[in-house]
Amino acid sequence: MNEQDPHPNPGRGIYLLPNLFTTAALFSGFYAILSAVDGRFEHAAVAIFAAMILDGLDGRVARMTHTQTDFGAEYDSLSDMIAFGLAPGLVVYLWALQPLGKFGWFAAFVYVAAAALRLARFNTQAGSTDKSWFIGLPSPSAAAVTAGWVWMMEHYEVSPADVSIVSAILTIFAGIAMVTRLRYYSFKEINMRGRIPFMVLAAIAFGIAVVLVQPATVLFLLFLLYSLSGVVTTLARKRRLRKG
């Protein structure tokens, strides 16, 4: 009589394509940390922005190819913690916050802890919130604020010691913005497959050209404005609710 294993293990695989983008985003965050340790802070900042692009692609690829899984969601969250939580905190700390002593590592830790809390809250509320809005500043945008600041200062050859206090305040602000109840537009309702007016396409091309001319400055200012937009939209919403 043939004996059968009472606990069969069929051996489940994972989808390659979306997880490949997630792995690339994870590597970008890891590379940003290594670059910061070596003192190449501009490379570190660029690597964080590269992780943002890859992070945006993995979800879209998974939805387009119908390869969304619980494993992919968890893996993406862990990758985000490295690329948009730990990496930016360490980069800005090694660049400008270290001479501040305890206040410096406090500012960096506030950012890292806030990124972890933001990701945990997003995972637990993913199926119960309005997809048109983010509650709290998304961790990639917070990473763009801190990394963009480092990139811009390095580009203009500003000494980190001259802006250490500003860097600490900006880092704490980015961290707190992630765990607030401020509402940020998610841009998820934009139809990428629909027709658009010609002038919209021309405006997009012009915007890309502006970014390419001064990427560090333009990207930092764009994400800084986005991080402040949550205050405006939340106050405007509360005002409408009072009037209603």
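The values are calculated or read from the model by the stated rules, or taken from the named source; none is laboratory data. Predicted, not measured: the structure shown is a model, and the values here were computed from it. Note that we place each Cβ from the backbone using ideal geometry, even for glycine, and neighbour counts take in every protein chain shown. Keep in mind that these areas ignore ligands, DNA and RNA; they rest on the heavy atoms of the full protein, side chains included. Shrake-Rupley method; radii C 1.70, N 1.55, O 1.52, S 1.80 Å.
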Suppose we filter the range 113-133 for residues that are under 14 Å from the mean Cα position of the chain (by Cα) and either buried (at least 22 other Cβ atoms within 10 Å of the Cβ) or of a type in the set (Asp, Glu) (or both); how many remain?
3
Take Leu224 and decide whether it is at pLDDT 85 or above and at negative phi.
yes
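I'm checking my understanding of the structure. Among residues of the range 189-198 that are more than 15 Å from Thr233 (Cβ to Cβ) and part of a loop (DSSP other than H, G, I, E, B), which one is modelled with the highest pLDDT?
My answer is Pro197.
Yes or no: Leu86 under 14 Å from the mean Cα position of the chain (by Cα) and at pLDDT below 95? If you could, list the steps in order and put the result at the bottom.
Numbers: under 14 Å from the mean Cα position of the chain (by Cα): yes; at pLDDT below 95: no.
Considered against the rule, which asks whether it is under 14 Å from the mean Cα position of the chain (by Cα) and at pLDDT below 95, Leu86 comes out as no.
A quick yes/no check of all residues on (1) farther than 26 Å from Thr234 by Cβ; (2) of a type in the set (Val, Ile, Thr):
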{"position": "Asp80", "(1), (2)": "no, no"}
{"position": "Gly85", "(1), (2)": "no, no"}
{"position": "Leu100", "(1), (2)": "yes, no"}
{"position": "Trp105", "(1), (2)": "yes, no"}
{"position": "Ala108", "(1), (2)": "yes, no"}
{"position": "Arg121", "(1), (2)": "no, no"}
{"position": "Ala142", "(1), (2)": "no, no"}
{"position": "Met153", "(1), (2)": "yes, no"}
{"position": "Thr171", "(1), (2)": "no, yes"}
Can you find a residue in the range 2-18 that is within 29 Å of Ala174 (Cβ to Cβ), out of contact with any strand residue (DSSP E or B) (no Cβ under 9 Å at 6 or more places or on another chain) and modelled with pLDDT under 95?
yes
Could you list, in sequence order, all residues of the range 24-72 that are among the hydroxyl-bearing types (Ser, Thr, Tyr) and open to solvent by less than 60 Å² (accessible area, probe 1.4 Å)?
Ser28, Ser35, Thr67, Thr69
So for the range 230-237 (the condition being touching a Leu at 6+ places or on another chain (Cβ under 8 Å) and over 30 Å from Glu154 (Cα atoms)), does at least one residue qualify?
yes
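If I ask for residues that are of a type outside the set (D, E, K, R) and open to solvent by 30 Å² or more (accessible area, probe 1.4 Å), which ones from the range 152-162 would you list? Lay out the reasoning, then the answer.
Here is the first cut: in the range 152-162, the residues of a type outside the set (D, E, K, R) are 152-153, 155-156, 158-161.
Across the range 152-162, the qualifying residues are His155, Tyr156, Val158, Ser159, Pro160, Ala161.
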Any residue in the range 221-242 that is assigned to a helix (DSSP H, G or I), surrounded by 13 or more Cβ atoms within 10 Å (Cβ to Cβ), touching a helix residue (DSSP H, G or I) at 6+ places or on another chain (Cβ under 7 Å) and hydrophobic (A, V, I, L, M, F, W, C)?
yes
